[in-house]
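To start, the structure under review is shown below, and the notes come after it.
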Amino acid sequence: MRHEASAAFAAAVLYFASSAYAQSAITSSEADGCSAAEAGLQDHPEVEQMQAVFVQSRLATLQSGTAGPGSSQPQGASDLSSARLLRSEKALSMTPEQRAELVIPLGWIHVPKTGTSFCNALYHTPVVCEFFPEGVSIADSNKVGAWPPNWSPLEAWCPGGFTSSLGEVGAHMGLSEYLWELNRGHLVTMLRQPEQRLISAFKYEEEMRWSGPTTQREYAEIQAGGTVRQLTRGGQISSGELSLPTSDEVSIAIKRLREGFVFVGITEKWDLSICLFRAMFGGGCVSSDFLNTRPGNSSSGDSLYDTSELYGYVDVYDGPVYAEAQAMFRQDVQLYAVDEDKCGLDC
């Protein structure tokens with residue numbers, strides 16, 4: 001059974017929802033006259049499915065019913081506020097389970113080469129995957145992906161835990177405007193230093209013998225800005241599109257990261273990221289959460305790739321987004337008092 005939130009918790013959520021909606025009145029999407037309601041998204045079957053999940057798993061959180069079905073409060077207002085709420089001291093008055101209830105169904109934005117292993121941490125979070133078997137985990141995601149075909153259906157182990165709008169758990173789905181409106185305030189991700197991610201992606205494709213650029217520099221010049229593309233464009237693997245991001249898309253990506261993501265981890269700070277996720281959303285310390293399920297053949301442990309073959313190339317698109325992610329991460333680690341020296345020692 002999921003825990004019901006306290007009256008103070010509900011009041012905090014409603015306070016942040018109302019203030020977030022007032023601020024969101026000047027967002028770029030509404031300035032363009034294309035809000036979710038005006039676009040008819042509330043009538044989309046996928047939205048109806050999501051709303052049903054909200055009723056089952058989140059109405060207990062909003063006890064007064066003010067933000068429930070039939071309310072005049074726009075869908076997404078309370079969802080948008082959850083990212084702000086969880087980065088405020090008000091969040092510390094909630095239990096990890098209450099915080100998790102607020103943000104399910106989760107939407108994992110899985111940027112390629114940032115860590116498929118993150119799926120284990122998600123599965124071992126009780127509010128997300130209420131019936132996930134103890135001791136089960138993915139050891140090699142190269143072979144089985146993020147959800148092995150021999151496992152029970154996702155909804156059997158994680159009822160209402162993940163949104164279906166982003167495809168299968170672990171898919172590299174991009175955030176179109178529609179998907180952003182639908183999932184903001186429920187999004188989680190891990191981000192990686194841009195040049196390291198590009199080199200890792202190049203080496204992975206080289207190992208898989210896919211056709212394409214033959215040098216790291218050429219690959220980087222084509223694939224730069226993959227994180228920005230995935231945070232601002234739709235598509236199954238948005239980061240593989242060939243057109244480079246615009247400066248406006250960089251700004252949008254940073255804004256979405258800050259306003260719609262309830263958790264942003266850092267691949268280079270993997271253990272600390274997992275411990276932060278546990279502090280925020282509950283779950284026990286599980287050793288498999290700290291595993292690398294898809295190690296490359298060209299690096300080991302925490303070592304970094306040699307960037308000399310980039311010949312000075314810098315990803316000017318993803319760089320600012322990664323800097324914002326690092327700032328958010330440091331803020332959250334401090335807020336939730338996660339101790340790097342003690343992190344993961346008991347697993």
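Values in this text are rule-based calculations from the coordinates and carry no lab data. Computed from a predicted structure; not experimentally measured. Note: ideal-geometry Cβ built from the backbone for every residue, glycine included; neighbour counts use all protein chains shown.
List of remarks:
- Peptides 328-337, 263-272 ranked from most to least packed by the mean count of surrounding Cβ atoms within 10 Å: 263-272, 328-337.
- With the simple model of a label 7 Å out from the Cα in the direction of the Cβ, R209 to Q326 spans 3.9 nm.
- The mean of 1/r over all pairs of different alpha-carbon atoms in the range 147-220, once inverted, gives a Kirkwood hydrodynamic radius of 15.4 Å.
- For the range 175-331, average projected area of the Cα convex hull in nm²: 9.8 nm²
- Segment W151-S93, length gained on full extension (0.36 nm per residue, minus Cα span): 17.2 nm
- Placed amide H near L187: partners under 5 Å, 5+ positions off or other chain: G107, V262
- Inter-site label distance for E268 and V316 at 7 Å from Cα along Cβ, in nm: 2.1 nm
- Considering only alpha-carbon pairs that sit under 8 angstrom and 6 or more positions apart, the relative contact order computed for the range 129-266 is 30 percent.
- As a length-normalised measure over Cα pairs under 8 Å and 6 or more apart, the relative contact order of the range 127-178 settles at 44 percent.
- Chymotrypsin sites (Phe, Trp or Tyr not before Pro) restricted to the range 118-158 and DSSP loop, no more than 16 other C-beta within 10 Å: F131, W151
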